[in-house]
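**Student:** Take this structure first; my questions come after.
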Amino acid sequence: MKNMRYPMNNKQVLKNKLIYLEQALLEADFAMKHMALRIDEMQNKIDKHKESGDIKDLEQNNDLVIDLIKKRLDVGAKEYHQNIPIMPKDDITRDNFYEAVEESLDLSVYLAAYMLRLMEEKERREFEPTTADEYNEDEYNDSVARDLEDQEIERYAKEQISKDIKEVHVERSETKKESTT
């Protein structure tokens, strides 16, 4: 919680937004440059295909999927020190169907966790103050609540002290009565 003595003004809020936007623009610029390079590569392949007429000059989506699958098979071969077992005789300790179900369940868990993360981030952004006035209003309300709480504690302490003083006076007056009798 921010200290109320130094509330954010509109200039500070705008400065923070500007920093955030600059970072976002840098990231977007990097992504755009990467995409432009990829587009140039693909355009070169298309141009080469137009000149040669050979379909092999184009990178096909299927080839990309096959490459991805090959990479996963290589990872599995390194991890298990063997190719994927197809028949029970290849590896009696593994069950492809059972492992596929487990992986599907894991995928569901990961997707659900990621979805919850996105939902929480969206909800948090909805309640963030967007102007210095909103930010300072929240801080002011928190400050007022703390002040009221401090006043309540002070009032309670004064009441207790007043009661203690009355008790002392009552005890003294009773002591005086007893000593005079």
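Just so you know, all these numbers are worked out from the coordinates, no wet-lab data involved. No experiment lies behind these values; they were computed from the predicted model shown. In this analysis, Cβ positions are derived from the backbone assuming ideal geometry, glycine residues included, and neighbour counts consider all displayed protein chains.
**Student:** For the residues H34, H49, what sequence is obtained by ranking on other C-beta atoms within 10 Å, fewest first?
**Tutor:** Fewest-to-most ranking of H34, H49: H34, H49.
**Student:** Counting helices only, and only those DSSP H runs with n ≥ 4, report the 222 nm mean residue ellipticity of the chain as the sum of -39,500 (n - 2.57) divided by its residues, in deg cm²/dmol to the nearest 500.
**Tutor:** After summing the helix terms and dividing by the residues of the chain, the value is -29000 deg cm²/dmol.
**Student:** Place a point 7 Å from Cα of V109 in the direction of its Cβ. Which residues in the range 64-100 have their backbone N less than 15 Å from it?
**Tutor:** Counting only backbone N, you get 99-100.
**Student:** A further question follows. Which distance in nm do the two modelled labels at D90 and I19 give, with both placed 7 Å along the Cα-to-Cβ direction?
**Tutor:** 5.5 nm
**Student:** Between K71, K163, K50, which gets the highest mean-square fluctuation from a Gaussian network model of the chain, Cα cutoff 10 Å?
**Tutor:** Comparing K71, K163, K50 in a Gaussian network model of the chain, the most mobile one is K163.
**Student:** Could you work out the relative contact order of the range 31-97, using alpha carbon pairs under 8 angstrom and six or more residues apart, expressed as a whole percent?
**Tutor:** 14 percent.
**Student:** Which of K70, K89, K33 ends up with the largest GNM mean-square fluctuation for the chain, with Cα atoms connected below 10 Å?
**Tutor:** K89
**Student:** Under a 10 Å cutoff between Cα atoms, tell me which one of D67, D164, D147 has the largest fluctuation in the Gaussian network model of the chain.
**Tutor:** The residue with the greatest mean-square fluctuation here is D164.
**Student:** Net charge within 12 Å of L148 by Cβ-Cβ distance, Lys/Arg positive one each and Asp/Glu negative one each, not counting L148 itself?
**Tutor:** Neighbourhood net charge equals -4.
**Student:** Now a separate question. Could you work out how far helix 96-127 tilts from the main Cα principal axis of the chain, as a 0 to 90 degree angle to the nearest 10?
**Tutor:** Between helix and principal axis, roughly 50 degrees.
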